[in-house]
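The values are calculated or read from the model by the stated rules, or taken from the named source; none is laboratory data. Keep in mind that this is a model prediction, so the values were computed, not measured. Neighbour counts run over all protein chains shown; Cβ positions are idealised from the backbone, glycine included. Side chains are part of the model used for accessible areas, which takes the heavy atoms of the whole protein and leaves out ligands, DNA and RNA. Shrake-Rupley method; radii C 1.70, N 1.55, O 1.52, S 1.80 Å.
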Amino acid sequence: MIDRLDATPLAERPTDLIASVRPDELLLKGADGAEFTLPMPADETYVSFAPYVEQTHDCYFHSLTTCTGELRNAVVEVTVTDNATGEVVHEAEATTFDNGFLGLWLPRGLDGTLTVTADGLTATAPIATTGAEDATCLTTLQLA
């Protein structure tokens, strides 16, 4: 559900649903106020990020239905490194979704560094999947 909602084009996103990614669960709220939660996998969690050049927004828990970033459908190179071991946990070229974000399923217990490069510009930010209050939405990746 998370992958599908994050990758849904903006024009097709549901307007009567709020879907918020938390480290341990996906929180769903309907237009009628009803709330439901779905558990995250025990061994991984979803972290979404939006690299930008000029404009961003504050966010902490990623909203799959309302968060939008500056670089929509942009090709980026992504590397996630484990700070304790120096091991590269994830490395790939990818295209940001129509909402300007890209999401990664990362192992739990990670204290790492996220590096994003686009058009020769690079941004780096800490990334953590160690606790129930870790951010699932990173919007501080200003490319320079």
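Mind checking which residues of segment 89-128 are closer than 28 Å to PRO9 by Cβ and of a type in the set (Val, Ile, Thr)?
If the condition is that a residue be closer than 28 Å to PRO9 by Cβ and of a type in the set (Val, Ile, Thr), then THR95, THR96, THR115, VAL116, THR117, THR122, ILE127 are the ones that fit.
Taking segment 1-16 as the region of interest, how many residues are exposed (fewer than 14 other Cβ atoms within 10 Å of the Cβ) and either in contact with a Cys (Cβ under 7 Å, 6 or more places away or on another chain) or within 23 Å of ASN73 (Cβ to Cβ) (or both)?
Total satisfying the criteria: 9.
One line per residue, one yes/no per condition, for (1) farther than 26 Å from THR122 by Cβ; (2) not β-branched (Val, Ile, Thr); (3) not in a loop (DSSP other than H, G, I, E, B):
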| residue | (1), (2), (3) |
| --- | --- |
| PRO14 | yes, yes, no |
| LEU26 | yes, yes, yes |
| GLY33 | yes, yes, no |
| THR45 | no, no, yes |
| TYR60 | no, yes, no |
| ARG72 | no, yes, no |
| ALA94 | no, yes, yes |
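Could you list, in sequence order, the residues of segment 22-39 that are without any contact (Cβ under 8 Å) to a residue 24 or more places away in the chain, out of contact with any Lys or Arg (no Cβ under 8 Å at 6 or more places or on another chain) and acidic (Asp, Glu)?
Within segment 22-39, GLU25, ASP32 qualify.
Scan segment 22-39 for residues that are among the hydrophobic types (A, V, I, L, M, F, W, C), within 21 Å of ALA135 (Cα to Cα) and open to solvent by 30 Å² or more (accessible area, probe 1.4 Å) and jot them down.
PHE36, LEU38
Mind checking which residues of segment 107-144 are crowded, with 21+ Cβ neighbours inside 10 Å and not in a loop (DSSP other than H, G, I, E, B)?
Matches in segment 107-144: GLY112, LEU114, VAL116, ILE127, CYS137, LEU138.
Any idea which of (1) more than 30 Å from ALA11 (Cα to Cα); (2) hydrophobic (A, V, I, L, M, F, W, C); (3) touching a helix residue (DSSP H, G or I) at 6+ places or on another chain (Cβ under 9 Å) is the one VAL80 doesn't satisfy?
All conditions are met except number (3).
Could you list, in sequence order, the residues of segment 20-58 that are hydroxyl-bearing (Ser, Thr, Tyr) and more than 18 Å from the chain's Cα centre (by Cα)?
Selection gives THR37 alone.
Can you go through ALA42, ALA19 and tell me which one is touching a Lys or Arg at 6+ places or on another chain (Cβ under 9 Å), open to solvent by less than 40 Å² (accessible area, probe 1.4 Å), farther than 15 Å from THR139 by Cβ and among the aliphatic types (A, V, I, L, M)?
Exactly one residue qualifies, and that residue is ALA19.
Looking at THR122, THR113, which is the one that is at pLDDT 95 or above, more than 14 Å from LEU143 (Cα to Cα) and hydroxyl-bearing (Ser, Thr, Tyr)?
THR113
Can you tell me how many residues in segment 3-59 are charged (D, E, K, R), closer than 24 Å to THR95 by Cβ and touching a strand residue (DSSP E or B) at 6+ places or on another chain (Cβ under 6 Å)?
Residues in segment 3-59 being charged (D, E, K, R), closer than 24 Å to THR95 by Cβ and touching a strand residue (DSSP E or B) at 6+ places or on another chain (Cβ under 6 Å): 2 in total.
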